[in-house]
Amino acid sequence: MAADTPSGTAQNAPLTQATVDNVINAVVVELRDGYVFPDKGTRAADALEGGLAEGTYASVKDPVQFAQMVTDQLRAVTNDNHMRLIFGSPFADQPPPAMPQDAGFEVKRLEKDIGYLRLARFVPPDEFNPAADKAMRSLADTRGLIVDMRGNGGGHPASVAYLASFFFDPKQPVQMSSLVWRNRGTTTFRTETFQTSPTSVRYADKPLYILVDARTYSAAEAFAYDLQALKRATIVGTKTRGGANAGGLKDLGSNLFVVVPVGRAENPITRSNWDGIGVLPDVPAATEVAEATAIALADSRSTHSLRD
């Protein structure tokens, strides 16, 4: 891991005890006041405070190693892979915001007139929705569609709902997973719901296949999970990563940042989510053959539909 690389140690200024104290205390506050699972947050906070009192971090001078150590502790208690301490701004060296035509879509027609849409991320709706309209218009007359979520790291839940909208009757809104947010400093919660909406084209009556793999994460998992629960899509590939919690990035100073999720997904059908489990494919297939598998399934299904 990066924490073990000598080059990382050489490039980073050594941590001071004051910085360690400040960071641990700040993370503890986020855990107790904001973590979406209050009981786990309290236990994780207790563990960090115990480590600080026992001198667990005293010998760690490299901030990368320190961040990894704290991350490991947090995940050991919470089993939440969104939870992490980060050294180095997650916003550094990012490209400028993309234009609508560059919202992460790749569109093409495969053999047997099967449409293919690959999506790298779910950018915010203002950018996402026009790009989705353009992509789906170009594929509207295909016999079946493959949506490739392999490697998609997630993004905005409203964009997930908009992409799902193409595959349902626009006259009947369908609820996707909600986000249940903790009200900071309390043990009460509020719910934000997401549902389908009218779109520029309709793709509601044709076969739909979603490709997933171990890198499919967060909002991308929501897309696959929700359409699977609604029996609208067939999921092809390997089990996804398993992250269903949301929000919570905080700048702690000293170039250290913590992610303590303050929300969790809840599907209206399963009353649960995919956190720690992943989305399980309907048709297991290794990554290198997942696309070919979906093409064969789509061709077979659309051919039978035409005959019927």
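Where strands (runs of 3 or more DSSP E) fall wholly inside segment 212-284, the ranges with 2 or more residues that are outside the structural domain of THR42 (by TED's automatic domain parsing) and among the charged types (D, E, K, R) are 249-253, 263-266.
When residues in segment 124-138 are screened for being buried (at least 21 other Cβ atoms within 10 Å of the Cβ) and in contact with a His (Cβ under 9 Å, 6 or more places away or on another chain), 1 of them pass. Looking at the structure I just gave you, is THR191 among the polar types (S, T, N, Q) and either assigned to a loop (DSSP other than H, G, I, E, B) or in contact with a helix residue (DSSP H, G or I) (Cβ under 6 Å, 6 or more places away or on another chain) (or both)? So THR191 fails the test. Could you list, in sequence order, the residues of segment 229-240 that are crowded, with 22+ Cβ neighbours inside 10 Å and under 16 Å from the mean Cα position of the chain (by Cα)? THR240 - this is the single residue of segment 229-240 that is crowded, with 22+ Cβ neighbours inside 10 Å and under 16 Å from the mean Cα position of the chain (by Cα). The single condition among (1) at pLDDT 95 or above; (2) in contact with a Lys or Arg (Cβ under 6 Å, 6 or more places away or on another chain); (3) under 17 Å from ALA219 (Cβ atoms) that VAL147 does not meet is (2).
The values are calculated or read from the model by the stated rules, or taken from the named source; none is laboratory data. All values derive from a computational prediction rather than experimental measurement. Note that we place each Cβ from the backbone using ideal geometry, even for glycine, and neighbour counts take in every protein chain shown.
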